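Since the structure comes first, as structure tokens, the remarks are kept for the end.
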Amino acid sequence: MNKLLELRAITKRFGGLTAVNEVSFDVAQGEILSVIGPNGAGKSTLFQLISSFLSTSSGEVLLNGERINNLSPHVVARKGVVRTFQETTVFRSMTVKENIVAAHHLRSKASLFGFFLGTAAAREDEKSFGKSADSIIEFLDMGSIRDELASNLPQGHLRALGMAIGLATDPLVLLLDEPFAGMNHDETMKMVNLVKRLRDERNVTVLLVEHDMPAVMKISDRVVVINFGQKIAEGSPSEIQNNPKVIEAYLGSEDAAIGM
Ligand code: ADP
Ligand code: MG
């Protein structure tokens, strides 16, 4: 397996609570891997550790062999590990396209200073960012809302914009925390296909946390199960569904049973 991302015994303590406890697993280039587990298991914390939104108490996260934990989120994003669906990254007074163009600056060759001075490199960037934004808009089928102000968008479109902003940074790895939350069946299936196309057509490796088990089983190459901060299982969707430890973890939890 070509390891793109490696988690080595990563641990996060909040005071006396160990939210993530020595979790280790690898993610291969081009894989779609889901992290599942009951509420409060530590899934979102795990994603925040991978994206450096939180610092680890111990352990390491490696990207292509290079340590990326305990940096700052924008440094990790620049290296290609990007979390999406954060509405805070949306400029509400800008249009959809303007937001996507702005997001490209994270990877810009010209400095922001050059941008304001109108240097040749900055002008070159503006042109290519516009083209790239148009291709992302087409990819996500957002043409009809290209010129809408972000502040006017309903929740579903805001989520699509979050995805577009993530893509604008040209990520190696996208971290999606509950991308299907609040979606009906048709919307979920559309999003499942979109995530698969991200991998197939844009070569993006995807890590997701999700509660929607049928969607997880459909989308995932591999599944990692977390309970009380610890990894309790790892395998293909069918291995996970038949794993007694996993079934036990889900029984008696607030979450729906893992069954289809
Ligand atoms: P999940 O996403 O699997 O539902 P979380 O990662 O959000 O779980 O939370 C794991 C545990 O860590 C929970 O017990 C939660 O209350 C606790 N926790 C999460 N974030 C913090 C924080 N910033 N400070 C203290 N405790 C936290
Ligand atoms: Mg969570």
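The values are calculated or read from the model by the stated rules, or taken from the named source; none is laboratory data. The model shown is predicted, which means the values in this text are computed figures rather than measured ones. We place every Cβ from the backbone using ideal geometry, glycine too, and count neighbours over all the protein chains shown.
Among the residues of region 136-152, is any more than 19 Å from residue 104 (Cα to Cα), polar (S, T, N, Q) and assigned to a loop (DSSP other than H, G, I, E, B)?
Checked against the condition, which is being more than 19 Å from residue 104 (Cα to Cα), polar (S, T, N, Q) and assigned to a loop (DSSP other than H, G, I, E, B), region 136-152 yields no hits at all.
Scan region 30-50 for residues that are more than 7 Å from ligand 1 (Cβ to nearest atom), polar (S, T, N, Q) and more than 16 Å from residue 82 (Cβ to Cβ) and jot them down.
34
Name the single residue that is farthest from residue 206 (Cα to Cα) among those in region 51-67 being surrounded by fewer than 20 Cβ atoms within 10 Å (Cβ to Cβ), away from ligand 1 (no atom under 15 Å from the Cβ) and not hydroxyl-bearing (Ser, Thr, Tyr).
Among those that are surrounded by fewer than 20 Cβ atoms within 10 Å (Cβ to Cβ), away from ligand 1 (no atom under 15 Å from the Cβ) and not hydroxyl-bearing (Ser, Thr, Tyr), it is 59.
For region 202-216, indicate whether the set of residues that are more than 27 Å from residue 249 (Cα to Cα), among the hydrophobic types (A, V, I, L, M, F, W, C), in contact with a strand residue (DSSP E or B) (Cβ under 8 Å, 6 or more places away or on another chain) and buried (at least 21 other Cβ atoms within 10 Å of the Cβ) is non-empty.
Checked against the condition, which is being more than 27 Å from residue 249 (Cα to Cα), among the hydrophobic types (A, V, I, L, M, F, W, C), in contact with a strand residue (DSSP E or B) (Cβ under 8 Å, 6 or more places away or on another chain) and buried (at least 21 other Cβ atoms within 10 Å of the Cβ), region 202-216 yields at least one hit.
Take region 198-215 and flag every residue that is within 14 Å of ligand 2 (Cβ to nearest atom) and of a type in the set (A, V, I, L, M).
Across region 198-215, the qualifying residues are 207, 208, 209.
Residue by residue, here is whether (1) within 16 Å of ligand 1 (Cβ to nearest atom); (2) farther than 23 Å from residue 10 by Cα holds:
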residue	(1), (2)
177	yes, no
181	yes, yes
191	no, yes
201	no, yes
206	no, no
221	no, no
225	yes, no
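Anything in region 35-75 that is hydrophobic (A, V, I, L, M, F, W, C), within 16 Å of ligand 2 (Cβ to nearest atom) and not in a loop (DSSP other than H, G, I, E, B)? List them, or say none.
35, 36, 46, 47, 49, 50
Do you know which residues across region 3-23 are among the aliphatic types (A, V, I, L, M) and either at pLDDT below 95 or more than 8 Å from residue 229 (Cβ to Cβ) (or both)?
4, 5, 7, 9, 10, 17, listed by residue number.
Only one of (1) touching a residue at least 60 places away in the same chain (Cβ under 8 Å); (2) within 19 Å of the chain's Cα centre (by Cα); (3) farther than 25 Å from residue 27 by Cα fails for residue 150. Which number is that?
Every condition holds for residue 150 apart from (2).
Residues in region 155-170: is at least one surrounded by fewer than 21 Cβ atoms within 10 Å (Cβ to Cβ), away from ligand 2 (no atom under 16 Å from the Cβ) and modelled with pLDDT of 90 or more?
No: zero hits.
Assess whether residue 93 counts as being in contact with a Ser or Thr (Cβ under 8 Å, 6 or more places away or on another chain), within 16 Å of ligand 1 (Cβ to nearest atom) and of a type in the set (Ser, Thr, Tyr).
In short, no.
Residues of region 76-107 being at pLDDT below 90 and in a loop (DSSP other than H, G, I, E, B), which ones?
Correct list: 84, 85, 86, 90, 91, 92.
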